[in-house]
Amino acid sequence: MWARRSVTEVSTWGSAALDLLYPPRCPDCRQHVEENGAWCRVCLGKFWNPRWLDLRERRLLYLDSCLVMTDYLGALQPLFRGLKFQGKRQNAGALAWLAVRPGEGLREPGLNRRIDLAVPVPLAEGRLRERGFNQTALLFAKNCRRAGIPWREDLLQRNRSTHAQWDLDRAKRHDNIKGAFTVTRPAELIGKRILLVDDIVTTGITMEECARVLKAAGATSVRALAIAGGGN
């Protein structure tokens, strides 16, 4: 009898058992919530702000759209910092949940029919070794696959380390990121519609440079999605 149970059933039972032992709680106020990683309505309302960036105003030419789910405020800041700079992988669940709110982000109706591949903004090799993971992959890979969008972490690479963009003015950000990315398998991008994902977007210049090289390799469109948005 047990041997006939599906992996899905076993996984569901396991999750239910864990929920009984460790009831899901909001990452901020610790109130009970319906599922692990979820935020309560009050805490979510402090930073939840889905919006499409004005690409023309930001002078972004290669991105076809950019959706940002939240403002980079409040409880999100220590969660992101802990994930990126302190190796706290457990923070990824509460952040990843923000990309799959019903009707938004990766749950946008019909998204998987308009996207062929999901590609994360890559880290430089040295930073990847130091960190041990690409935080963007932790935030998006599983949810992209669940949404029916193939995850391709191997198509775009960063050639060199760059300075943190948030610490530079706009002109220096362009110089800092120019030429930092290379497509590794251009033949696999020809005619493809790409979903480019990142954890945080400020000016959009990093995503714009990624979009430029993806389109130069043959991608027909590049739509961007980020969990949080900072200042301009």
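With N set to the residue count of the stretch 47-229, report its C-alpha Rg divided by 2.2 N^0.38 Å to two decimal places.
On the way: Rg = 15.2 Å, N = 183, 2.2 N^0.38 = 15.9 Å.
Against the empirical 2.2 N^0.38 Å value, I get 0.95 for the stretch 47-229.
Rank these for me by crowding, GLU209, GLU108, going from fewest to most other beta carbons within 10 Å. Spell out each step's value before the answer.
Details: GLU209 21, GLU108 17.
Result, fewest neighbours first: GLU108, GLU209.
Go through LYS88/LYS178; LYS88/LYS215; LYS46/LYS84; LYS46/LYS178; LYS178/LYS215 and tell me which ones have a Cα-Cα distance over 24 Å in this structure.
On the way: LYS88/LYS178 30 Å; LYS88/LYS215 34 Å; LYS46/LYS84 22 Å; LYS46/LYS178 35 Å; LYS178/LYS215 15 Å.
Exceeds cut-off: LYS88/LYS178; LYS88/LYS215; LYS46/LYS178.
Between beta-carbons, use under 12 Å as the cut-off and find the net charge around CYS29, counting Lys and Arg +1, Asp and Glu -1.
After counting each charged neighbour, the total is +3.
In a shell of Cβ-Cβ distance under 11 Å around LEU106, excluding LEU106 itself, what net charge do Lys and Arg (+1) and Asp and Glu (-1) give?
So the surrounding residues net to +3.
Just grab the label-to-label distance for GLU130 and GLN86, each label 7 Å out from Cα along the Cβ direction, in nm (one decimal).
Label at GLU130, label at GLN86, 1.8 nm between them.
In whole Hz, what ³J(HN,Hα) sequence does the stretch 36-48 give by Karplus (6.51, -1.76, 1.60; θ = phi - 60°), x for Gly and Pro?
Here the 3J(HN,Hα) series is 4, x, 6, 10, 6, 4, 5, 5, 4, x, 6, 9, 5 Hz.
Taking Cα pairs under 8 Å and at least six residues apart, what relative contact order does the stretch 176-232 come out at, in percent? Present the calculation step by step, with values, prior to reporting the outcome.
Details: 82 pairs, mean separation 26.7, N = 57.
Once normalised by length, the contact order is 47 percent.
With a 10 Å Cβ neighbour count serving as the proxy for reagent exposure, in which order, fewest first, do CYS40, CYS29 appear? Please list the in-between numbers first.
Numbers: CYS40 17, CYS29 12.
Neighbour counts put them in this order, fewest first: CYS29, CYS40.
How charged is the neighbourhood of CYS144? Take every other residue with its Cβ under 11 Å from the Cβ of CYS144, and add Lys/Arg as +1 and Asp/Glu as -1.
So the environment of CYS144 carries a net charge of +3.
Test of understanding: ordering LEU128, LEU225 by Cβ neighbours within 10 Å, fewest first, what list do you get?
Final ranking by Cβ density, sparse to dense: LEU128, LEU225.
Values quoted throughout were computed directly from the atomic coordinates according to the rules given, and no laboratory measurement underlies them. These numbers come from a predicted model, not from an experiment. Glycine also receives a Cβ, built like all others from the backbone with ideal geometry; neighbour counts cover every protein chain displayed.
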